[in-house]
Amino acid sequence: QLPLYNEMYVADRLLDAVAALDYPQDKIEVQVLDDSTDETTGIVARKVAQLRERGFEVYHIHRTNRLGYKAGALENGLHQASGEFVAIFDADFVPQPDLFQKTIHYFSDPNIGMVQTRWGHLNEQYSLLTKIQSMLLDGHFLIEQTARARSGRFFNFNGTAGIWRRTCIQTSGGWQHDTLAEDLDLSYRAQIKGWRFLFLPEIVTPAELPIEMNAFKSQQHRWAKGSIQTSKKVLPLLWNSDLPFKIKFEGTVHLTSNYGYLMLLVLCVCFHSSASAGTYQASGGNPWTKLLLVDVPLFIAGSLSISAFYFCAQRDLHAQWWKRLVYLPVLMAVGVGLSINNARAVLEAMFNHRSEFIRTPKYGTARAAGSRSRSKYQALRGLVPYIELAFGIYFTWLVVQAIDANQWMFLPFVMVFQCGFLYVGLMSLLQSTVRAMRQMEEPELAAAGA
């Protein structure tokens with residue numbers, strides 16, 4: 001199943017990769033689940049016709065209503081499918097030819113309901129942003145998913161690059177679209193039913209990382225909001241089950257972890273009171289000393305654990321892992337910079353604010369930054385970047401105050417917040433502005449050419 005929505009730049013690449021899979025052709029049925037409203041539908045139709053002429057069993061299923069978004073498309077396709085196992089690949093993924101040869105035999109165990117492979121990165125070297133994203137995902141897959149899988153805890157299907165047993169999907173209630181994280185939702189319902197999941201970190205399925213900040217933030221917003229929606233839905237089922245306490249506890253921590261963005265936002269808002277003069281200065285004390293003795297050690301403890309988490313993943317992946325350490329401060333800064341975007345997502349989920357499934361734009365980028373083609377796809381930026389920029393300016397003022405007070409040990413601490421908000425906010429605004437200018441230039445260039 002290949003769920004697509006307005007993917008004109010990568011649809012051909014995906015279908016070529018699926019056609020190259022090393023598996024008996026008569027045992028593969030391909031469904032292109034196309035909800036597109038642009039040129040993608042025509043591109044897919046032509047490619048499907050070419051593949052069918054070559055003997056592939058490929059079906060182009062085009063919907064015009066997007067009911068249920070991705071979950072609705074998957075469920076609709078499943079009703080028309082004939083296969084016993086369902087492999088799902090999002091538009092930005094390029095499955096390797098030997099993927100099925102390396103994975104399908106694990107389903108000889110009748111209790112295995114899903115097999116997940118690790119995501120790779122086609123355009124990791126494109127920019128600083130893609131390098132940071134690759135490190136975030138490497139930590140998630142190599143440390144987080146691996147630890148959950150090997151310790152017998154629940155872990156989730158990541159929405160793509162995995163294979164489901166059809167019976168597992170059906171007996172667990174099928175794909176449902178009442179959350180923005182249909183993959184997380186079904187994963188927990190299936191495992192509560194008793195199905196076992198298998199994670200294979202040694203098998204990599206490459207994918208394209210978002211190259212624009214607004215696209216990245218849109219993706220993070222959807223994941224954060226979807227996880228909180230899922231927690232509200234499945235935690236009662238989890239705690240009412242007969243599963244061991246260790247699974248219930250870890251599952252709760254997993255599904256509620258994005259509430260941490262609310263706490264981080266509260267820390268940012270309360271930062272001034274920690275560093276201001278207040279009653280502490282009135283009593284003859286130094287407010288910066290209080291911050292250094294209380295808040296900074298807590299931040300350092302948290303930073304060390306985060307650094308160790310991502311360091312271990314990079315050490316496992318790269319022979320020259322020490323060259324990657326320079327990106328760890330940037331990674332933490334970006335995490336702080338995302339706090340407003342993701343805290344908003346958490347609040348929307350808490351108060352049942354409905355929003356559509358906004359897909360992450362893909363551009364078919366190569367490995368180098370200079371190769372990007374102009375794209376009509378653009379993620380919305382909204383008001384959040386301006387708030388992020390305001391926080392960045394606020395922390396810049398705190399940096400000046402720290403320098404003025406000669407609090408040099410405190411400086412790296414506050415600069416992480418300053419750089420994170422400024423980087424995320426400015427990149428959101430600048431990339432949108434540049435893209436808008438390019439779109440205005442294109443008609444003028446076309447007219448001049450004529």
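The values are calculated or read from the model by the stated rules, or taken from the named source; none is laboratory data. Note that the structure is a prediction, hence the values are computed from the model and not measured. Don't worry about glycine lacking a Cβ; one is built from the backbone with ideal geometry, like all the others, and counts go over all protein chains shown. Side chains included, ligands, DNA and RNA excluded: accessible areas come from the protein's heavy atoms. Shrake-Rupley method; radii C 1.70, N 1.55, O 1.52, S 1.80 Å.
Using the Karplus equation 6.51 cos²θ - 1.76 cosθ + 1.60 (θ = phi - 60°), what ³J(HN,Hα) coupling, rounded to whole Hz, does each residue of region 239-254 give in order, writing x for Gly and Pro?
Using θ = phi - 60°, the values come out as 6, 8, 7, 9, 5, x, 4, 4, 6, 5, 5, 5, x, 5, 4, 4 Hz.
Residue 104 versus residue 301, label points 7 Å from Cα toward the beta carbon: distance in nm?
Each label point lies 7 Å from its Cα, and together they span 5.2 nm.
Which loop-located GluC sites (Glu not before Pro) does region 1-79 contain, where loop means any DSSP state but H, G, I, E or B and the Cβ has at most 11 other Cβ atoms within 10 Å?
Details: sites: 7, 29, 39, 53, 57, 75; in loops: 7, 39.
Sites meeting the loop and neighbour criteria: none at all.
Which entries in the list 27/225; 70/225; 70/246; 27/70 go over 27 Å, if you measure between the two C-alpha atoms of each?
Numbers: 27/225 38 Å; 70/225 16 Å; 70/246 32 Å; 27/70 25 Å.
Correct reply: 27/225; 70/246.
How far apart, in nm, are the 7 Å Cα→Cβ label points at residue 66 and residue 26?
4.1
Rg to Rh ratio, the chain, alpha-carbon atoms and Kirkwood radius?
On the way: Rg = 23.6 Å, Rh = 23.7 Å.
We get a ratio of 0.99 for the chain.
Mind listing the phi-derived Karplus ³J(HN,Hα) values for region 421-427, rounded to whole Hz, using 6.51, -1.76 and 1.60 with θ = phi - 60°, and x for any glycine or proline?
Going residue by residue, I get 5, 5, 5, 5, x, 5, 4 Hz, with x marking Gly and Pro.
With a 1.4 Å probe and all protein chains left in place, how much accessible area per residue does the chain have, in Å²?
Values: 20240 Å² over 450 residues.
Value for the chain: 45 Å² per residue.
Applying 1/(1 + (r/R0)^6) with R0 = 45 Å to the Cβ-Cβ distance of residue 406 and residue 322, what FRET efficiency is obtained, to the nearest 0.05? Display every interim value, and only then the final one.
Values: r = 33 Å, r/R0 = 0.73.
E(calc), rounded to 0.05, equals 0.85.
Note down the nm distance, to one decimal, between modelled labels 7 Å out along Cα→Cβ at residue 430 and at residue 46.
Rounded to a tenth, the inter-label distance reads 3.7 nm.
Filter the trypsin sites (Lys or Arg not before Pro) in region 1-67 down to the DSSP loop ones having no more than 14 other Cβ atoms within 10 Å, then list what survives. Let's see the in-between values first.
On the way: sites: 13, 27, 46, 47, 52, 54, 63, 66; in loops: 54, 63, 66.
Hits after loop and neighbour filter: 54.
Across region 331-337, in residue order, what do the Karplus-derived ³J(HN,Hα) couplings come to in whole Hz, using 6.51 cos²θ - 1.76 cosθ + 1.60 with θ = phi - 60° and x for Gly and Pro?
4, 5, 5, 5, x, 5, x
Over all alpha-carbon pairs of region 95-188, lay out the pair-distance distribution in 10 Å bins, whole %, shortest bin first.
Here the calculated profile for region 95-188 is 13, 40, 36, 10, 1.
Carbon and sulfur atoms: what percent of the 1.4 Å accessible area of the chain do they account for? Let's see the in-between values first.
On the way: 12250 of 20240 Å².
The C+S portion of the solvent-accessible surface of the chain is 61 percent.
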